[in-house]
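Notes to accompany the following structure.
The values are calculated or read from the model by the stated rules, or taken from the named source; none is laboratory data. Model, not experiment: these values are computed from the prediction. Note that each Cβ is placed from the backbone with ideal geometry, even for glycine, and that neighbours are counted across all protein chains shown. Surface accessibility is based on the protein's heavy atoms, side chains included, excluding ligands, DNA and RNA. Shrake-Rupley method; radii C 1.70, N 1.55, O 1.52, S 1.80 Å.
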Amino acid sequence: MSTNSITTQKVNFKVFRFNADEDYLPYYENYTMDITSEEVVLDVLNRIKWDHDGSFSYRRSCRHGICGACAIKVNGRSTLACKESMTTMIEYFGNEITLEPLSTKRAVKDMIIDKADFWDKHASVTPYLVADIDECPSCENLVSPHDAEELNEADLCIQCGACHYACPVVEINSDFFGPAAFVAAYRFESDVRDSDGNRLINVNEEKQGVWDCAKCFECAEVCPKDINPIDKITKLHQMAFKKGVAKNNVATRHAVGFLHSIKKHGMLDEGGLVLYSEGAHIVKHIPVALQMFKKGKIVMPWNMPKSDKLDEIQKLIKSSSTVKF
Amino acid sequence: MKKLKYALFTGCTAKQSTPEQMMSTLAVARKLNIELIELTEASCCGASHLQDYDDFLSLVLNARNIAYAEKHELTMVTICNTCQLNTAMTKHRLDKNPELKAKVNEKLAEVGLEYKGTSNVIHFLYAIIDDFGLDKIKELVVKPLSQFNIAPFYGCHNIRPSELHDESHKQKENPYNPTSLDDLIIACGGKNVDYEEKNKCCGFHVELQAPHTAAVLTGTAIAGATDQNADMMVTPCPLCHLKLDTQTKSASEAIGREVSLPVLHMQQMVGLALGCTPAELGLKHHVTEVNFI
Ligand code: SF4
Ligand code: SF4
Ligand code: SF4
Ligand code: FES
């Protein structure tokens, strides 16, 4: 790049400051800086420390998107500081930029957070290979390129936590393992050498497991390594059915219920799906259902609309189904 | 301008729990002189759940829906964020992977169909903004919504994954600072309300398995809009609408605060500004009453 294409602009930074040892409450400090089009977010953190306040604290090590230490939030968006260019951030958010730790409620000092919940959850999914491998093998344990592809790049995760602290469910349901732990679970579950029998069951348990994901795609959007955690979550769902560990519960019936409904009507029978998924627990939906009924929002079974050419749909379901439950 | 014409994939809710969404889509299309050919053969898209069970089957069924749009040689429009996600995701995966496409087509051939990849898939929100044009909508407004503060609720699956959005639609949408719905509110004469939850999740897809999570997400969204003085919310997604309109009781309980706001479908808002009657727009089908008109 020739130097004359470097541009500079003024940016106002609002920076989260907090020292758990001294401060009762966090506060925000303002800094205005000239930012060049070549700088990344980490450069800004460095400049705050070097030019403005030596006590400013943040984590970083590799500066190459490898160690996963430097993730913070820029205007609420999880960002790997050493990878994200300021130009993109300005394009996203304009010239008023707020820098905060990944999770303000877990802040220890400025950008540094206590990531204990992240590591605990990571440790809960057996994030290592469970295999009976000869310690002194006579030849290498070969994994074919085709089998290696099955990992779908889950092995590239740097545990930065960007997805974990962007996930709305992590904030509400403290048992939920979160997208990064699921990536780790998938990484070993999809490894042909692995023979662990509990990991998949564990990540399919209610409350903590994959079925509590809200499918919001925040994790896919933020991951600096383009790992697409929700894609791995979807694959863990599918594995649970394929390997026969899916339990018969409201979540799995909800997924399977779609098939039954499409077979019958081509379309989804909304009431039928809730009934099939909930079973006797359907009663808890009655008050809302009654309100909806009064407003003409519930179609009676005998009036269920059907897709035209339903026979085609049924034929395809017969020939293209790949799973049994 | 050449008359716009699309293949309409209604999805399932438009035919059941949100009849007002179907009515208002057709009413707005009439006002804007947009022709919609309904794909009556289409099946359910699987609503992002069928693929958890059987990925290949979900691809085949969605490819079949698109194949019908291709037969008409028309762009497919969806009126539900999750339909948009599932359909555009199918298209993305098949177009990127010739081997997978061939496998799917092998199945479709059994019923005399083929997925070619010739029809684009866009949400109706972007059809009227990008193809019809905000300026032209503005010119047609007869009842500007000028006395209202309107909070846009974008819904996850129109804006994330942004890669999918950007390859399907003409204009990019920033998932952290989306603007299309805000622009549409302004074009209709309303005042757009900025609030933190506008691009967040409503919780619809975990409603059954994790009711508390879902209720907190819904409650927080309505509370966020309320605190910024919104008179109402507006959304392009019927699933978000169901959540925000019908689940206020559980949402209020979950966040420990009474919340409730009228919620319009994007089409209803445009319809009101263009002079459609409340009856045409199905306003009586809301659980949280729309009582300001
Ligand atoms: S898609 Fe699921 S795991 Fe990913 S951020 Fe959303 S709720 Fe969390
Ligand atoms: S999946 Fe991506 S965002 Fe999440 S921890 Fe790993 S690298 Fe970070
Ligand atoms: S906002 Fe709600 S209904 Fe809309 S796409 Fe997200 S989860 Fe689905
Ligand atoms: S400093 Fe190592 S990932 Fe950013």
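Would you mind getting me the FRET efficiency between residue A:21 and residue B:284? Use the beta-carbon distance for r and R0 = 56 Å, nearest 0.05. Computed FRET efficiency for residue A:21 and residue B:284 comes out at 0.40.
For chain A, a simple Cβ point-charge model (Lys and Arg +1, Asp and Glu -1, everything else neutral) yields a dipole of about 1560 debye relative to the Cα centre. Considering every alpha-carbon pair of region B:134-285, the percent of pairs per 5 Å bin, from zero through the bin containing the longest distance, is 2, 10, 18, 21, 20, 16, 9, 3, 1, 0. What you get for region A:257-320, charging only the Cβ of Lys and Arg (+1) and of Asp and Glu (-1), is a dipole of about 100 debye around the Cα centre.
Per residue, the convex hull spanned by the Cα atoms of region A:257-320 amounts to 79 cubic angstrom.
For chain A, the fraction of 1.4 Å probe accessible surface lying on carbon and sulfur atoms is 51 percent. Other residues with beta-carbon under 15 Å from the beta-carbon of residue B:147 carry, at +1 per Lys or Arg and -1 per Asp or Glu, a net charge of +1. For chain A, a Gaussian network of Cα nodes joined below 10 Å ranks A:137, A:26, A:301 by mean-square fluctuation, and the top entry is A:137. Treating each Cα of region B:137-227 as an identical point scatterer and summing with the Debye formula, the log10 of I(q)/I(0) at q = 0.12, 0.14, 0.22, 0.23 Å⁻¹ comes to -0.45, -0.60, -1.08, -1.12. Using the empirical formula 2.2 N^0.38 Å as the baseline, the Cα radius of gyration of chain A reaches a ratio of 1.25. Here is the size of region B:5-122 from its Cα atoms: Rg then Dmax, 14.1, 43 Å.
Among the GluC sites (Glu not before Pro) in region B:24-110, those placed in a DSSP loop whose Cβ has at most 11 other Cβ atoms within 10 Å are B:73. For chain A, what relative contact order do you get, as a whole percent, if you take Cα pairs closer than 8 Å and at least 6 residues apart? So the answer I get is 13 percent.
For residue B:151, nonlocal amide neighbours, meaning residues 5 or more places apart or on other chains whose placed amide H falls under 5 Å from its own, are B:193, B:231, B:232, B:233, B:234. Between the amide H of residue A:130 and those of A:195, A:196, distances stay under 5 Å, these residues lying 5 or more places away or on another chain, with hydrogens modeled in the peptide plane. Note on surface exposure: B:111, B:263 rank B:111, B:263 by accessible area, highest first, 1.4 Å probe. Considering every alpha-carbon pair of region B:46-192, the percent of pairs per 5 Å bin, from zero through the bin containing the longest distance, is 2, 9, 17, 19, 17, 12, 9, 6, 5, 2, 1, 0. Between amide H atoms placed 1.01 Å from N, distances below 5 Å from residue A:113 occur with A:108, all of them 5 or more places distant or on a separate chain. Over region B:55-104, the alpha carbon radius of gyration divided by the compact-protein estimate 2.2 N^0.38 Å works out to 1.09. Near residue A:20, once Lys and Arg are set to +1 and Asp and Glu to -1 for all other residues with Cβ below 12 Å from its Cβ, the sum equals -1. The alpha-carbon atoms of chain B, seen along their principal axes, cover 54, 47, 32 angstrom, with the largest extent given first.
When the Debye formula is applied to the Cα atoms of region B:33-85, each taken as the same point scatterer, what base-10 log of I(q)/I(0) results at q = 0.14, 0.15, 0.28 Å⁻¹? The Cα Debye sum returns log10 ratios of -0.38, -0.43, -1.20.
Only residues of region B:2-37 count here: report those whose backbone N is under 18 Å from the spot 7 Å along Cα→Cβ of residue A:298, or say none. What the label zone holds, given the 18 Å backbone N cut-off, is B:13-20. 3J(HN,Hα) along region A:163-176, derived from phi through the Karplus expression 6.51 cos²θ - 1.76 cosθ + 1.60 where θ = phi - 60°, amounts to 6, 4, 8, 9, 7, x, 6, 3, 6, 9, 10, 5, 7, 4 Hz, with x in place of Gly and Pro. A simple count of charges around residue A:93, restricted to other residues whose Cβ falls under 14 Å of its Cβ and scoring Lys, Arg +1 and Asp, Glu -1, yields -3. Association of chains B and A removes close to 5700 square angstrom of accessible area from solvent, both sides included, for a probe radius of 1.4 Å.
If you plug the beta carbon distance of residue B:106 and residue A:12 into 1/(1 + (r/R0)^6) with R0 = 51 Å, you get a FRET efficiency near 0.30. For the options B:60, B:121, B:270, a Gaussian network treatment of chain B with springs between C-alpha atoms closer than 10 Å singles out B:60 as fluctuating the most.
For chain B, a simple Cβ point-charge model (Lys and Arg +1, Asp and Glu -1, everything else neutral) yields a dipole of about 500 debye relative to the Cα centre.
Normalising the average separation of contacting C-alpha pairs (under 8 angstrom, six or more residues apart) by the number of residues puts the relative contact order of chain B at 21 percent.
Counting only protein heavy atoms and a 1.4 Å probe, the protein assembly as shown has 42 square angstrom of accessible area per residue. Note on region B:208-293: Kirkwood hydrodynamic radius from all Cα pairs is 13.3 Å, rounded to one decimal. Cα-based values for the protein assembly as shown, radius of gyration first and Dmax second, are 24.8, 82 Å. Across the protein chains, with a 1.4 Å probe defining accessible surface, the residues A:211, A:119 rank A:119, A:211 from largest area downward. Other protein chain C-beta atoms within 10 Å of residue C-beta, averaged over A:306-319: 5.
In angstrom, the C-alpha Rg and Dmax of region A:197-313 are 17.3, 50. Per-residue 3J(HN,Hα) values for region A:270-278, derived from phi via the Karplus relation 6.51 cos²θ - 1.76 cosθ + 1.60 with θ = phi - 60°, read 4, x, x, 5, 5, 4, 4, 6, 8 Hz in sequence order (x marks Gly and Pro). Here the Karplus relation 6.51 cos²θ - 1.76 cosθ + 1.60, evaluated at θ = phi - 60°, turns the backbone of region B:137-143 into coupling constants of 4, 3, 4, 8, 5, 10, 10 Hz, with x for every Gly and Pro. By the helix-only formula, in which each DSSP H run with n ≥ 4 contributes -39500 (n - 2.57) and the sum is divided by residues, chain B has a 222 nm mean residue ellipticity of -13000 deg cm²/dmol. Legend: P(r) of region A:133-254 from all alpha carbon pair distances, 10 Å bins from 0, whole percents, reading 13, 42, 31, 11, 3, 0. Annotation: average projected area of region A:42-168 is 11.3 square nanometres, based on the convex hull of Cα atoms across all directions. Ranking B:250, B:17 from most to least accessible surface, computed with a 1.4 Å probe over the protein chains only, gives B:250, B:17. Computed log10 I(q)/I(0) for region A:8-113 at 0.18 Å⁻¹: -0.82, from the Debye equation with unit scatterers placed on every C-alpha and solvent omitted.
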